[in-house]
1. Can you work out ³J(HN,Hα) from phi for every residue in region 239-249, in order, using Karplus 6.51 cos²θ - 1.76 cosθ + 1.60 and θ = phi - 60°, giving whole Hz and x for Gly and Pro?
2. For LYS71, which lysines qualify as cross-link partners when the Cα separation must be under 20 Å and same-chain residues fewer than eight apart are set aside?
3. State the cysteines of the chain left without a partner when partners are defined as other cysteines whose beta carbon lies under 4.7 Å away.
4. Evaluate the Debye formula for region 164-253 with equal point scatterers sitting on the alpha carbons, no solvent, and hand back log10 of I(q)/I(0) at q = 0.14, 0.15, 0.16, 0.24 Å⁻¹, in q order, two decimals.
5. Can you sort LEU289, LEU277, LEU163 by how many other beta carbons sit within 10 Å, fewest first?
6. Measuring from centroid to centroid over Cα atoms, what is the spacing of region 1-59 and region 155-214 in Å?
7. Measure out, as a whole number of angstrom, how far apart the alpha-carbon centroids of region 297-336 and region 95-121 sit.
8. From the phi angles alone, apply the Karplus equation (6.51, -1.76, 1.60; θ = phi - 60°) to region 26-40 and give each ³J(HN,Hα) in whole Hz, x where the residue is Gly or Pro.
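What follows is calculated from the coordinates using simple rules that are stated; it is not laboratory data. It should be emphasised that the depicted structure is a prediction, and the values quoted were computed from it without experimental measurement. Here the Cβ positions follow ideal geometry from the backbone for every residue, glycine too, while neighbour counts run over all protein chains shown.
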Amino acid sequence: MGLLENIAVVGQAALDAFDQVNEAQELEKIRVEYLGAKGRLTELSRAVGSLPPAERPQAGQAANQALKAAKQAYQTAQTKLGATKTQGVALDVTLPGRRHQLGREHLISRTMTEICGIFERLGFTVVEGPEVETDYYNFEALNFPADHPSRDMQESLFVGDKLLLRTHTSPVQIRTMEKQKPPVWIVAPGKTYRRDDDITHSPMFHQVEGLVVDKGISMADLKGVLSAFATAFFSPDTAIRLRPSFFPFTEPSAEVDIACVLCGGKGCRLCKGSGWLELLGSGMVDPALYNFVGYDPREVSGFAFGLGVDRAAMLKYGLANIRHLYESDLRFLEQF
Ligand code: DAH
């Protein structure tokens, strides 16, 4: 059989095959067989080049025609099968639409943003510090002397020699004062870690630290700022009280309580009859800290506070167990 006849026979075979096919996978096989890079029609049209020059034009024309017809037959088959598929399986326009699942910010992130927002409106700037901290910033420069019993109150998680997961956000106070001169008005949100685990304590929890160092700052400023915070965060009539306390880095120190969110101060089970709930630690910055950072205690004074974000969220939303915040149970998280 000469090339011309061959083209005619194979070309017809291709047309028949495309005409009869009724399955997409089969169609692809036929396309490869005839029109693929090594397909039968492709090879034949390539063979035209090796004919004697006189025979080439006629054979070339026949090959082009056969290729063109086969490609058209292929497209027709494709449309036919595609249309059937759309009607039958791939697209059922009568089905209801699929809803996208929308995520949301975790309650802790939201509470942290809300707390920082309140302080930002009071003129504070948000800064951050590292979660793996040196003994120097976590304790030493905050006036916890080595071997002092006050270190025992912070059940620490050490990761190396004099290197630990920070037990509080207070080290950011030192890092900030090292970097900038007064006036300082900052809040520092972040994760904190302690060897602690019960229904109100988790080994990883969150704090927002506050630090103000400026000219003529007194305890009245501390109380005013924290009272403004409590009314903005809880409710407009939330009262606070200051109770004497101790922290190595503040003198005097005060524990700040809010009027019980449940009974409003009358006394109930939540506040154990006292009418008050402990909210945060605070105090006037101990001048000993200024020596570590090169501030002049005759020039400036300040106050600081450390607020538990998980605790604040638990009080605000009445959560009984801190673990709810960390179990990733959507039934719980989607309520907020
Ligand atoms: N760092 C303390 C803690 O985690 C809380 C605290 C108390 C922070 C008094 C302060 C402060 O800035 O002035 O227990």
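1. In residue order, the calculated couplings are 8, 10, 9, 9, 10, x, 8, 9, 9, x, 9 Hz.
2. The reachable lysines, counting only those whose Cα sits under 20 Å from LYS71, are LYS29, LYS38, LYS80.
3. Cysteines of the chain left without a disulfide-compatible partner: CYS116.
4. -0.67, -0.77, -0.87, -1.36
5. So the residues, fewest neighbours to most, are LEU163, LEU277, LEU289.
6. That distance is 77 Å.
7. Comparing the Cα centres of region 297-336 and region 95-121, I get a distance of 15 Å.
8. 5, 4, 5, 4, 5, 4, 5, 4, 9, 10, x, 4, 10, x, 4
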